[in-house]
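Derivation of every value follows stated rules applied to the coordinates shown; laboratory data play no part. Since the structure is predicted, the reported quantities are computational estimates derived from the model, not experimental observations. Neighbour counts run over all protein chains shown; Cβ positions are idealised from the backbone, glycine included.
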Amino acid sequence: MRFLTALGLLLTGCIYLDPINQRPSITIDQLSSGLIHRGDQVMFMADYDDPEGGGGSFAWSAFVCADESDARHDVGCDADPFYTRPVDTAQLTVPLTLASGGPTQALRLVLEARDDRGAFAQTRLVLPVIDAPPTLELRKSARSYTIGTPIDVFARYGDADDGPAKVDLVWEVFTPNTQPAFSFTDLAVPQDPADPTHVTAGKTLVPQGIGEWSVRVTARDALGAIPPQAIAITVAADQPPCLVEWQPIVPPAGETLPVTEPTLFQVPVVADDLDVYPPVPGDPVLGTTTFAWSIKPPGAPVHQVLVGATGNSVDFDPSAFTPGDIVELRVEIFDRVHLTLPCADDLATCSVGAQPSCMQRQTWRVEVR
């Protein structure tokens, strides 16, 4: 009788069987576009699908790794995640370095999902992390690009992810074909408080030969170097000094300057690459023009040096001569090269350079009255 009852229940179809819970599918969508750099803020979303149409819960874990290829095999990554959240959208900042201190070069994301009935799914995503290379700007500064003159070269550099403190500079000097000697020394440059993300380094080049010089700088961070940058420097020979102003005026050729009372003859201004007048006090580069005065009294065959007259002026007293005397007073100027003037004594002016307007000699023809 009991057998017949059980058989009857089976035939009526009243037994309930619970359907199998299918596993959800899960993928990771990158919401932030473009390449990922160290220090970037990036967003990822869980793309979730449950065949039964139910909801789900999520768990993110993010790791930084030393190499993209190794990271795909779970090698070379930090043991502990730097980011964990139970959210559907992850927003994170990529660390600059691994726990070991090495630079981040890959990002490994692990996303887990469970549906309402406990079915589990997991997916992973490995992405390369790009290093921001150093930035570099070069400039030069000098009072004169002349042989023997200090030339300052400045390198302003930074690094968007590592900061300037982790950037190394390599300096190189390339000389003209004659390979002249030079010095190349450090130049202290104070930090600009308004620009803490950059540092400026300096070098002072003192070339001892003319021609085309070049200073090349390479900036390198932990992951490599940017292409080197170079700055060209054309070094010229020291040019002779030029008389710019003189007093009193010089009369036209063949004319004389009448003088009746003591008169100051002077050169107020001399232009030169390095040895100027008036001098510039405290300047470590500039020197001062050298002056040489001479006189040709009546009857003298040539000009005679005025001993002790080495300044930019001399006093002429006509009372030392007879009225009607013709006296020539002359000044010649020299810089540190001290070139010998090639002009004959009877020439009133002289120029050793390519420009006749740049004179190193001036002569006054004075008539005593």
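Data overview
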item: Residue exposure sequence - W293, W246 - by fewest surrounding Cβ within 10 Å; result: W246, W293
item: Reachable lysines, given that their alpha-carbon falls under 23 Å from the alpha-carbon of K203 and they are not under 8 places away in the same chain; result: K140, K166
item: T322/C343 FRET efficiency (R0 41 Å; Cβ-Cβ; nearest 0.05); result: 0.90
item: Top of E332, E68, E255 by mean-square fluctuation, Gaussian network on the chain, Cα under 10 Å; result: E255
item: Amide H contacts under 5 Å for S351, placed H, 5+ residues apart; result: Q360
item: Positive minus negative residues near A71 (Lys, Arg vs Asp, Glu; Cβ under 13 Å); result: -2
item: Cα gyration tensor shape for the stretch 21-130, rounded if a/c is under 1.5, else prolate or oblate; result: prolate
item: Calculated percent of Cα pairs over 36 Å apart (choose from [x] 59; [y] 25; [z] 20), label; result: [x]
item: Label-point gap, in nm, between A59 and A142 - each point 7 angstrom along Cα→Cβ; result: 6.8
item: Added length on full extension, which subtracts the Cα-Cα distance from 0.36 nm per residue, T27 to Q179; result: 48.3 nm
item: Between the stretch 214-232 and the stretch 33-99, the alpha-carbon center distance in angstrom; result: 35
item: Charge dipole of the chain about the Cα centre (unit charges at C-beta), most positive-ward option of A132, A113, M43; result: A113
item: Segment A194-D168, extension gain: residue separation times 0.36 nm, minus the distance between their alpha carbons; result: 7.2 nm
item: Percent antiparallel among DSSP beta bridges (both partners in the chain, rounded to 5); result: 90
item: Cα centre as origin, Lys/Arg/Asp/Glu Cβ charges: the stretch 21-130 dipole, Debye; result: 180
